[in-house]
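> Questions regarding the structure given below will be posed in turn.
All of the numbers you see were taken from the coordinates with simple rules; none came from a lab. Worth saying up front: this structure is predicted, and the values here are computed from it rather than measured. In this analysis, Cβ positions are derived from the backbone assuming ideal geometry, glycine residues included, and neighbour counts consider all displayed protein chains.
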Amino acid sequence: MVQKYQSPVRVYKYPFELVMAAYEKRFPTCPLIPMFLGSEVLRESRSADGAVHAVERSCRLRVDAPRLLREMAGVEHVVFVQKNILNWRERTLFIEAHNETFASRVMVKENCSYTVHPENEDWTCFEQSASLDIHSFFGFENALEKIAMKQYTANVKRGKEVIEHYLKELISQGTSHIPRWTPAHVREEHAGSQSAPRHPSSLETEGLSDAPGPAPEMAEGDKLEADYIERCLGRLTPTQESCLVQLRHWLQETHRGKIPKDEHILRFLRARDFRLDKAREMLHRSLNWRKQHQVDHLLQTWRPPAPLQEFYAGGWHHQDIDGRPLYILRLGQMDTKGLIKAVGEEALLQHVLSVNEEGQKRCAGNTRQFGRPISSWTCLLDLEGLNMRHLWRPGVKALLRMIEVVEDNYPETLGRLLIVRAPRVFPVLWTLISPFINENTRKKFLIYSGSNYQGPGGLVDYLDKDVIPDFLGGESVCNVPEGGLVPKSLYLTEEAQEQADQLRRWSDTYHSASVSRGAPHEVALDIPEGEAVITWDFDILRGNVVFSLYHAKQAPNPGPQEPGARANGQLIDKGWVLGTDYSRVEAPLLCREGQSIQGSHVTQWPGVYFLQWQIHSPSGSVACSLPGVDDVLTALHSPGPRCKLLYYCEVLASEEFRGSMSSLESCASRFSQLSTASTASSSGLSHSGSLVSR
């Protein structure tokens with residue numbers, strides 16, 4: 001497996017020319033880097049005008065490894081070849097390096113660049129990337145990998161310190177400014193002496209040009225500065241910085257939609273101990289979950305039902321001594337059974353999610369307020385009043401589900417959990433829920449029974465005295481609702497409760513989507529072989545849409561698209577021509593508000609199939625029939641520019657589906673029972689069928 005390293009952008013607040021003078025002081029030897037034993041120039045050349053200077057060096061590095069490994073390898077040092085291309089005109093230095101020692105067994109490649117800061121021409125940026133590929137090494141591959149990455153990341157940090165040391169040395173010696181390169185008239189007869197080699201095996205200068213050399217791996221808009229990371233995200237090791245840069249870069253290349261904030265990405269890396277593959281998988285699942293449930297808009301759209309506002313005993317209350325936002329939850333005073341019966345489990349979960357979303361928002365605000373990174377909050381959990389009523393089985397089951405959702409999608413957001421006044425029944429509850437809580441999260445729990453939270457070693461170690469709430473003997477008036485029993489008159493009827501539970505089950509399977517004018521919602525399905533069956537089931541919740549199915553031989557290029565198109569799920573390239581780049585394989589179907597649609601399509605060719613929903617335009621040509629009076633009236637009285645739908649689609653192997661086409665076409669929608677009446681019709685091609693119910 002290839003190990004990769006990518007640094008953030010490190011900024012030297014000095015001009016490029018002065019940084020280059022400091023860089024040259026590292027050669028031929030550098031006492032400040034003990035493992036660097038020395039270097040020898042192999043080739044050197046300059047362009048005719050002196051703007052471009054190329055140097056190739058052989059560098060010897062001491063091997064810092066266990067004696068047994070050194071003896072088996074038979075070496076005390078390794079040799080690297082370094083190629084530098086310095087362009088004074090463009091003010092850039094590009095460096096390539098690779099190992100010569102054990103090149104057939106181990107391949108180490110490194111690329112570095114020094115460039116002018118894009119926003120300040122008197123500053124210099126440095127970037128570094130590397131890869132390690134171990135083919136075989138006497139059975140010590142894993143040990144070598146750990147040693148190599150440990151040494152490399154240690155030298156990354158040391159490298160910046162060395163440059164800064166030589167910069168200060170130059171300034172102390174009176175060299176604080178070096179003029180920029182300017183072109184000089186070069187006489188033709190003098191060109192030979194200008195390009196004369198300094199070493200017998202010098203490079204030929206005829207081929208030397210102003211080419212910039214190897215480009216860094218990351219594009220200009222994708223870069224993270226090391227100073228920004230330390231200031232806004234906290235101190236990270238070079239390996240942790242590399243993981244953050246790589247994961248962020250992966251998102252920019254693959255994720256359709258809004259890129260999460262850096263602190264959000266960092267939480268997932270911390271949750272998986274900076275194991276990049278596991279963090280990427282966890283983050284990918286969470287982003288899909290957020291899109292499916294429209295969590296990004298939760299704070300703008302969620303309005304707690306009246307019983308939650310009155311009886312949910314939780315709320316925000318200043319911050320702890322470290323500046324973390326403080327959330328107080330009086331669980332012992334809360335009637336969880338009554339709340340679930342009054343608003344349903346789904347509404348309670350939505351409220352918990354809104355608390356977590358608000359917590360992230362408050363962390364960002366405290367980061368700005370206190371001028372240091374704050375990425376988590378503290379929860380003060382008061383358990384006075386906790387009893388067997390709180391162990392009601394459906395309530396515990398709902399709690400476990402909430403813990404699972406929060407653990408999967410809000411990792412590393414809890415900085416500390418202070419549990420006070422824990423009663424005798426608490427160990428029973430803890431036994432039930434602790435297996436579902438991540439080990440890293442459990443380490444943040446502090447539990448106080450009785451009055452142990454008072455005095456030294458208690459809350460005063462984590463909260464200022466003027467923040468401790470009055471109901472715990474503090475000085476601060478707390479406005480968190482006191483909870484209490486929810487009146488049975490507020491309970492949902494059995495029918496309403498059943499419908500709420502059913503909607504929750506549907507939301508686990510079905511996806512929601514919004515469609516606006518000019519921005520259809522599309523789903524791409526890869527069909528590697530020619531014959532398969534695509535099935536779909538969707539409900540139109542608001543507005544009228546036209547459903548179509550298209551086929552293309554290959555997916556669109558992942559190049560830049562309009563931001564709105566990505567955000568609204570538009571996948572078909574706007575530059576594509578229908579009939580040339582892609583084709584329609586299902587006749588357009590007009591779907592009206594309240595209808596439930598089920599259908600299938602037997603594919604005939606491999607490639608990518610696109611399910612598309614777009615707003616119905618009475619004057620458009622995509623509808624399957626000319627618009628009538630009803631269509632015009634519907635358009636005039638449209639509830640708004642957006643349509644909403646719930647959908648589910650699946651690809652089945654053709655051998656699993658043969659003989660059951662009729663059963664699919666006669667099935668009822670999972671949502672059809674929400675409608676008061678049902679009618680059915682079908683339309684499509686010879687290999688497809690759709691059922692429409694109202």
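> What are the residues whose amide H is under 5 Å from the amide H of LEU42, where those residues sit 5 or more places off or on another chain and H is modelled from the backbone?
Amide H neighbours of LEU42, under 5 Å, 5+ apart: GLU56, ARG57, SER58.
> Could I ask something else about it? Across all directions of projection, what mean area in square nanometres is found for the Cα convex hull of the stretch 393-548?
17.2
> Going down the list LYS109/LYS258; LYS341/LYS361; LYS83/LYS160, which pairs span over 23 Å between their C-alpha atoms?
LYS109/LYS258; LYS341/LYS361
> In whole angstrom, note down how far apart the Cα centers of the stretch 401-417 and the stretch 324-347 are.
Measuring centre to centre over Cα atoms gives 16 Å.
> Same structure, new question: Which length gain, in nm to one decimal place, applies between ARG62 and LEU432 when the Cα-Cα distance is subtracted from 0.36 nm times their residue separation?
127.7 nm
> Same structure, new question: When the chain is fully extended, how far beyond the present Cα-Cα distance does ASP133 get from ASP526, taking 0.36 nm per residue of separation?
Gain on stretching ASP133 to ASP526: 138.3 nm.
> Between ARG372 and LYS160, how many nm apart are label points set 7 Å from Cα along the C-beta direction?
About 1.9 nm separates the two model spin labels.
> Mind checking which of MET282, TRP302, LEU331 is farthest towards the positive end of the stretch 266-342's charge dipole, using Cβ charges of +1 (Lys, Arg) and -1 (Asp, Glu) about the Cα centre?
The one lying farthest along the dipole's positive direction is MET282.
> Given H placed on each backbone N at 1.01 Å, which residues far from LEU571 in sequence or on other chains put an amide H within less than 5 Å of it?
For LEU571, whose amide H was placed from the backbone, the distant partners under 5 Å are GLU522.
> What ³J(HN,Hα) values, in whole Hz, does the Karplus curve 6.51 cos²θ - 1.76 cosθ + 1.60 give for the stretch 471-481 when θ = phi - 60°, with x put for Gly and Pro?
Once rounded to whole Hz, the list reads 6, 10, x, x, 9, 8, 6, 9, 9, 5, x.
> When the Karplus curve 6.51 cos²θ - 1.76 cosθ + 1.60 is applied with θ = phi - 60°, which whole-Hz ³J(HN,Hα) does each residue of the stretch 240-253 get, with x for Gly and Pro?
Residue by residue, the stretch 240-253 yields 5, 4, 4, 4, 5, 5, 5, 5, 5, 5, 4, 4, 5, 8 Hz.
> While we're on this one: Could you tell me which of the pairs LYS4/LYS278; LYS157/LYS223; LYS397/LYS443; LYS4/LYS553 are separated by over 25 angstrom between their Cα atoms in the structure shown?
LYS4/LYS553
> Take VAL651 and ASP461, extend 7 Å from each Cα along the Cα→Cβ direction, and tell me the distance between the two endpoints in nm.
5.6
> Please report the orientation-averaged projected area of the stretch 272-346, defined via the convex hull of its C-alpha atoms, in nm².
Spelled out: convex hull of the Cα atoms, projected over all directions, averaged, 7.8 nm².
> Can I ask one more? Starting from 0.36 nm per residue, how many nanometres of slack lie between THR29 and TRP302 once their C-alpha separation is accounted for?
Full extension of this stretch gives 91.9 nm more.
> May I ask you to order 542-554, 288-300 by the average number of other C-beta atoms within 10 Å around their residues, highest value first?
Ranking, from highest mean packing down: 542-554, 288-300.
> Still on this structure: Two-decimal Rg/Rh of the stretch 351-461 from alpha-carbon positions, Kirkwood Rh?
We get a ratio of 0.99 for the stretch 351-461.
> Which of the peptides 7-20, 165-178, 358-371 is most tightly packed, and how do the rest follow, judged by the mean count of other Cβ atoms within 10 Å per residue?
Numbers: 7-20: 20.1, 165-178: 13.1, 358-371: 15.7.
Final packing ranking: 7-20, 358-371, 165-178.
> To continue, here is another question. Can you compute 3J(HN,Hα) from phi for each residue in the stretch 386-391, using the Karplus curve 6.51 cos²θ - 1.76 cosθ + 1.60 with θ = phi - 60°, rounded to whole Hz and x for Gly and Pro?
5, 8, 5, 4, 6, 9
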